[in-house]
1. Filter region 54-77 for residues that are farther than 13 Å from residue 94 by Cα and crowded, with 16+ Cβ neighbours inside 10 Å and give the result.
2. How many residues, within region 78-116, are in a loop (DSSP other than H, G, I, E, B), in contact (Cβ under 8 Å) with a residue 24 or more places away in the chain, surrounded by 19 or more Cβ atoms within 10 Å (Cβ to Cβ) and touching a helix residue (DSSP H, G or I) at 6+ places or on another chain (Cβ under 8 Å)?
3. Working carefully through the options 65, 75, find the one that is under 16 Å from the mean Cα position of the chain (by Cα), under 23 Å from residue 111 (Cβ atoms) and assigned to a loop (DSSP other than H, G, I, E, B).
4. Mind listing whichever residues of region 50-62 are out of contact with any helix residue (DSSP H, G or I) (no Cβ under 7 Å at 6 or more places or on another chain) and under 14 Å from residue 120 (Cβ atoms)?
5. Return the pairs, sorted by first residue and then second, in which the second residue is exposed (fewer than 14 other Cβ atoms within 10 Å of the Cβ) and not in a strand (DSSP E or B), the first residue lies in region 24-48 and is without any contact (Cβ under 8 Å) to a residue 24 or more places away in the chain, the beta carbons are less than 9 Å apart, and the residues are 6+ apart or on different chains.
């Protein structure tokens with residue numbers, strides 16, 4: 001029983017760290033328009049820019065807010081969407097993403113809020 005628990009923790013930890021240590025080819029930010037459709041507003045293949053946006057996923061845990069999302073960050077590898085993170089920078093200042101089958105919610109740090117506002121011109 002303990003072996004199974006340890007194995008599941010190791011697998012979970014490996015998946016969690018792989019999101020951060022993964023090398024993506026590019027990153028794209030999309031924002032939600034008034035009609036609900038998504039529009040691409042930023043794209044970069046610069047690794048420093050990609051890592052700054054990966055850092056948005058490293059915040060304090062937050063409750064699962066029900067305040068809607070203003071956009072999403074899409075991490076791309078080999079022209080395929082590899083990982084998506086939804087964010088709200090208008091009222092709740094947080095992000096959500098899936099880790100395995102769990103929904104993870106984090107508060108955005110002030111520097112990440114400013115970065116997203118600047119990149120999305122909000």
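1. Answer for region 54-77, where residues must be farther than 13 Å from residue 94 by Cα and crowded, with 16+ Cβ neighbours inside 10 Å: 54, 74, 75, 76.
2. Kept after step one, since they are in a loop (DSSP other than H, G, I, E, B), are these residues of region 78-116: 78-79, 89-93, 100-101, 108-109.
Restricting the remaining residues to those that are in contact (Cβ under 8 Å) with a residue 24 or more places away in the chain gives 78-79, 89-92, 100, 108-109.
Checking which are surrounded by 19 or more Cβ atoms within 10 Å (Cβ to Cβ) leaves us with 89, 92, 108.
From what is left, the residues that are touching a helix residue (DSSP H, G or I) at 6+ places or on another chain (Cβ under 8 Å) are 89, 108.
Adding up the residues that qualify gives 2.
3. Result of the check over 65, 75: 65.
4. Of everything in region 50-62, just one residue is out of contact with any helix residue (DSSP H, G or I) (no Cβ under 7 Å at 6 or more places or on another chain) and under 14 Å from residue 120 (Cβ atoms), namely 53.
5. Within 9 Å, the pairs are 39/33.
Every number in this text was worked out from the coordinates using simple rules, so none of it is lab data. What you are looking at is a predicted structure, and each value in this text was computed from that prediction instead of being measured. Backbone-built Cβ (ideal geometry, glycine too); neighbour counts: all protein chains shown.
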